[in-house]
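Below is one structure, written out as structure tokens; comments come after it.
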Amino acid sequence: MKWLCSLSLLIGFALNPALAQTTDLPDPALPRDDYVTALLQKMTLPEKIGQLRLISVGPDNPKENIRDMIEKGQVGAIFNTVTRPDIRQMQDQAMQLPRLKVPLFFAYDIVHGQRTIFPISLGLASSWNLDAVATSGRISAIEGSEDGLNMTWAPMVDISRDPRWGRVSEGLGEDTFLTAEIGRVLVQSIQGKNPADRHALMTSVKHFAAYGAVEGGRDYNTVDMSPQKLFQDYLPPYKAALDAGSGGVMVALNSLNGTPATADSWLLKDVLRTQWGFTGITVSDHGAIKELIRHGVAGSPREAVKVAIKSGINMSMSDEYYIRYLPGLVESGEVTVDEIDDAVRHVLNVKYDMGLFRDAYAHLGPVGSDPADTNAESRLHRAEARAVARQSLVLLKNRLQVLPLKKQGSIAVIGPLADSKRDIMGSWSAAGRAAQSVTLLEGIRNAVGSQVTVNYAKGANVTDHQGLLAYLNQYEQTIQSDPRTPEQMLAEAVAAANKSDVIIAAVGEAQGMAHEASSRSDITIPAIQRQMIAALKATGKPLILVVMNGRPLSLVHEDQQADAMIEAWFPGTEGGNAIADVLFGDYNPSAKLPMSFPRSVGQIPIYYNHLPSGRPYRFDNPEKYTSHYYDEANGPLYPFGYGLSYTTFTLSEVKLSATTMARDGSITASVTLTNSGSRDGRTVAQLYLHDRVSSISRPVKELKGFQSVFLKAGESQTLTFTLSPDMLKFYNQQMQLIAEPGKFDVMIGLDSARVNSASFTLL
Ligand code: BGC
């Protein structure tokens with residue numbers, strides 16, 4: 001009986017004349033649940049399973065293959081296709097299927113811009129400015145939806161405290177509160193009021209969960225952490241993105257406490273669905289279902305599929321496993337039709353929310369409306385990209401106010417990253433085109449015109465390590481090495497420096513060095529570039545380093561050698577102009593680090609909100625049996641929240657509205673912020689809290705609020721933060737989220753290391 005039933009399901013409409021007839025979709029005016037229920041009732045099993053396949057267009061899967069799959073009704077969504085004609089052709093196919101015409105959705109990794117590339121996420125986080133974040137999100141959604149897309153695999157909100165991990169570049173840093181705030185604003189600005197709107201995209205927050213905590217910073221490695229740490233520090237950003245309405249969740253590749261996330265029904269069902277009430281889709285990451293075999297939780301592809309679907313993976317990304325094995329699993333009764341329906345319901349939910357059942361072509365428009373030139377300059381948003389990029393640049397050092405530079409005399413512009421159009425965009429640069437990005441050299445030339453002589457020399461290749469070059473160029477020739485010898489290149493650079501008044505050297509990492517599968521065990525600038533910096537220093541000319549990189553680097557030597565240093569991350573399409581704005585004082589730097597910069601790799605993990613030790617080390621009274629390294633300082637080179645300005649800001653003492661807080665009440669903490677220097681500028685006031693005595697150890701401080709403030713020279717402003725018992729809550733040993741009575745420190749500073757404090761008691 002079971003066999004008969006499944007056979008008819010499998011061969012479906014092909015043999016059943018009733019089923020073969022064209023079936024109309026339900027009335028799109030129905031509310032979502034009714035619509036989806038009605039649609040599910042009309043679907044055959046093969047049609048349902050087809051909805052669960054998410055397929056990527058790429059070298060292994062050319063468009064032609066995919067068209068064939070669509071024709072067989074075996075595809076629910078497609079990613080990596082980014083032009084309207086291509087997308088339209090695929091949607092046409094789905095809309096011309098003989099029976100049920102369920103539209104496809106189209107996704108892409110729009111992580112920091114689609115055509116106009118904004119700073120990498122870590123740079124965006126450095127702005128600490130939610131308006132700038134919203135601008136980047138909005139433009140990404142406009143450009144993505146103009147390209148016919150419906151979804152982005154973003155935001156990436158994996159907390160990471162390990163700069164060895166290459167993917168810190170895609171995240172928003174080490175802090176839970178900052179990441180959650182930015183993640184929330186990204187979702188709101190990308191999805192807009194409604195992900196179905198013409199210029200909105202649905203988001204898919206990733207990578208659920210705790211991918212940023214891979215052991216040793218080695219990509220795809222294991223994660224093991226206490227429930228307290230998971231719920232207190234790592235999960236809130238995903239939750240914030242979902243509370244903001246993110247329609248999708250991409251599941252992480254790592255295992256968490258022994259269970260691969262792709263096989264973790266506790267994570268994907270109990271936490272995500274039951275506790276958090278999520279009704280959108282879960283998608284596996286690239287090939288993650290197959291990887292369950294290597295993780296050792298499935299003995300065969302068939303078993304991997306069974307585990308994944310039962311654990312709550314709705315769509316399988318980039319494999320054919322669901323299509324191939326689910327029919328048999330249903331036939332044998334190992335997977336129930338209810339389990340399939342549950343997964344399909346979520347896929348249909350998001351298609352409904354994307355507005356695809358009302359209009360499958362909403363983001364495509366009619367055929368004649370396609371842009372004549374997909375890459376046209378007019379499709380870019382350069383002004384917005386420049387305005388955001390300059391807010392992402394962190395001034396790390398400025399000895400004797402060497403910056404800002406005057407637009408006069410001569411400048412040597414040196415370094416492998418000074419004129420690299422590809423690198424300045426960073427990794428995951430979506431449909432951005434290197435040819436359209438502005439390098440630092442170009443930005444400087446644009447800024448100074450003919451007023452200044454610019455002497456350019458590359459100085460060194462980004463690395464001369466042949467193995468690394470081969471690794472970085474494996475799939476795409478992204479690094480073009482200069483064939484000259486290191487000596488020739490260096491001689492040219494030193495000559496350029498000698499005939500200039502000042503040196504600006506762009507050094508750091510190629511974009512591919514801070515990417516997926518780009519973990520490092522050494523986080524210094526490559527040796528060949530360090531030799532170049534030393535030679536430039538030896539010229540005696542003022543040396544300004546512009547560091548481009550996708551992770552905190554260990555910059556102890558550079559800090560000693562440079563007169564000024566700007567952390568530029570990878571600032572995107574308008575990066576060169578934005579850096580020039582800062583170099584010449586057309587923009588007063590305002591960014592703050594979203595991650596601690598270690599002095600050396602041995603200090604990792606290093607983060608500001610660590611727990612206290614029972615044997616703290618005291619710098620002013622060193623004791624042997626205390627927590628420290630005997631060959632390295634404990635603290636970072638640059639702390640979380642740090643960044644200089646061309647003006648000076650001073651903060652008054654912290655004033656509290658009361659010294660006690662009722663359990664159902666709130667108090668305020670205020671400071672007066674003064675721009676005590678001679679230039680207008682923006683800075684970030686940061687609020688940290690500390691629970692002095694509680695049932696479990698609590699961090700020495702935790703960020704709980706921030707305000708990005710612009711003040712004219714000489715101006716003051718009183719800033720007020722409201723404190724409530726909710727901000728004092730933590731997961732206790734029994735995993736209850738509570739605020740315990742007692743004393744709390746309130747700290748406000750312009751970075752995490754230097755703060756003014758006051759205290760109050762929670763009753
Ligand atoms: C990455 C994801 C990305 C996906 C699709 C995977 O390799 O881990 O972050 O969204 O590919 O491109």
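The values are calculated or read from the model by the stated rules, or taken from the named source; none is laboratory data. Every value quoted in this text rests on a predicted model; they were computed, and no experiment measured them. Ideal geometry is used to build each Cβ from the backbone, glycine not excepted, and the neighbour counts take in all protein chains shown. Each accessible area value is taken on the protein alone, full model and side chains, heavy atoms only, with ligands, DNA and RNA left out. Shrake-Rupley method; radii C 1.70, N 1.55, O 1.52, S 1.80 Å.
Can you run down the residue pairs with Cβ atoms below 8 Å, 6 or more apart or on separate chains, where the first is in the range 416-430 and closer than 21 Å to ALA460 by Cα and within 16 Å of the ligand (Cβ to nearest atom) and the partner is open to solvent by less than 10 Å² (accessible area, probe 1.4 Å) and aliphatic (A, V, I, L, M)?
GLY426/ILE117; GLY426/ILE120; GLY426/ALA514
Which condition number in (1) surrounded by fewer than 24 Cβ atoms within 10 Å (Cβ to Cβ); (2) within 16 Å of the ligand (Cβ to nearest atom) is the one that PHE231 fails?
Every listed condition holds for PHE231 apart from (2).
Answer yes or no as to whether ALA434 is at pLDDT 95 or above, within 21 Å of HIS515 (Cα to Cα) and touching a strand residue (DSSP E or B) at 6+ places or on another chain (Cβ under 9 Å).
When the stated conditions are applied, ALA434 does not pass them.
Any chance you could count how many residues in the range 162-189 are more than 15 Å from the ligand (Cβ to nearest atom) and either open to solvent by 10 Å² or more (accessible area, probe 1.4 Å) or within 30 Å of GLN89 (Cα to Cα) (or both)?
Residues in the range 162-189 being more than 15 Å from the ligand (Cβ to nearest atom) and either open to solvent by 10 Å² or more (accessible area, probe 1.4 Å) or within 30 Å of GLN89 (Cα to Cα) (or both): 11 in total.
Looking at ARG345, is it more than 16 Å from the ligand (Cβ to nearest atom) and out of contact with any Asp or Glu (no Cβ under 8 Å at 6 or more places or on another chain)?
Considered against the rule, which asks whether it is more than 16 Å from the ligand (Cβ to nearest atom) and out of contact with any Asp or Glu (no Cβ under 8 Å at 6 or more places or on another chain), ARG345 comes out as yes.
Might you let me know whether the range 387-403 holds any residue that is more than 16 Å from the ligand (Cβ to nearest atom), part of a strand (DSSP E or B) and of a type in the set (Val, Ile, Thr)?
There is at least one residue in the range 387-403 that is more than 16 Å from the ligand (Cβ to nearest atom), part of a strand (DSSP E or B) and of a type in the set (Val, Ile, Thr).
Check every one of the helices (runs of 4 or more DSSP H) wholly within the range 264-331 and list those with 2 or more residues that are within 16 Å of the ligand (Cβ to nearest atom) and open to solvent by less than 20 Å² (accessible area, probe 1.4 Å).
288-295
In this structure, is ALA154 within 11 Å of the chain's Cα centre (by Cα), outside the structural domain of ALA431 (by TED's automatic domain parsing) and assigned to a loop (DSSP other than H, G, I, E, B)?
Yes: the conditions hold for ALA154.
Can you pull out every residue in the range 431-457 that is surrounded by fewer than 22 Cβ atoms within 10 Å (Cβ to Cβ) and within 16 Å of the ligand (Cβ to nearest atom)?
Passing the criteria: only ALA431.
Checking the structure you have, find out if any residue of the range 92-112 is under 19 Å from LEU201 (Cα atoms), charged (D, E, K, R) and part of a helix (DSSP H, G or I).
Within the range 92-112 (the criterion being under 19 Å from LEU201 (Cα atoms), charged (D, E, K, R) and part of a helix (DSSP H, G or I)), the answer is no, since none of the residues qualifies.
Would you confirm whether any residue within the range 698-717 is touching a strand residue (DSSP E or B) at 6+ places or on another chain (Cβ under 8 Å), closer than 22 Å to PRO589 by Cα and of a type in the set (Phe, Trp, Tyr)?
yes
Against the conditions (1) in contact (Cβ under 8 Å) with a residue 24 or more places away in the chain; (2) open to solvent by 10 Å² or more (accessible area, probe 1.4 Å), where does SER613 fall short? Just the number, please.
(1)
Looking at (1) of a type outside the set (Lys, Arg); (2) away from the ligand (no atom under 15 Å from the Cβ); (3) more than 22 Å from THR203 (Cβ to Cβ), which one does ALA240 not meet, given that it meets all the others?
(3)
If you go through the range 383-401 one residue at a time, how many are under 25 Å from the mean Cα position of the chain (by Cα) and either open to solvent by 60 Å² or more (accessible area, probe 1.4 Å) or at positive phi (or both)?
Total meeting the criteria: 4.
Among ILE110, ILE78, ILE87, ILE70, which is the only one that is under 28 Å from the mean Cα position of the chain (by Cα) and away from the ligand (no atom under 16 Å from the Cβ)?
So the residue among ILE110, ILE78, ILE87, ILE70 that is under 28 Å from the mean Cα position of the chain (by Cα) and away from the ligand (no atom under 16 Å from the Cβ) is ILE87.
Open to solvent by less than 30 Å² (accessible area, probe 1.4 Å) and closer than 30 Å to GLY576 by Cβ - does that describe any residue in the range 366-379?
yes
In the list GLU487, GLU492, which residue meets the criterion of being surrounded by fewer than 17 Cβ atoms within 10 Å (Cβ to Cβ), at pLDDT 95 or above and part of a helix (DSSP H, G or I)?
On inspection, the qualifying residue turns out to be GLU487.
Picking from GLY212, GLY192, which residue would you name as being free of Cβ contacts under 8 Å to residues at least 60 places away in the same chain and surrounded by fewer than 24 Cβ atoms within 10 Å (Cβ to Cβ)?
GLY192
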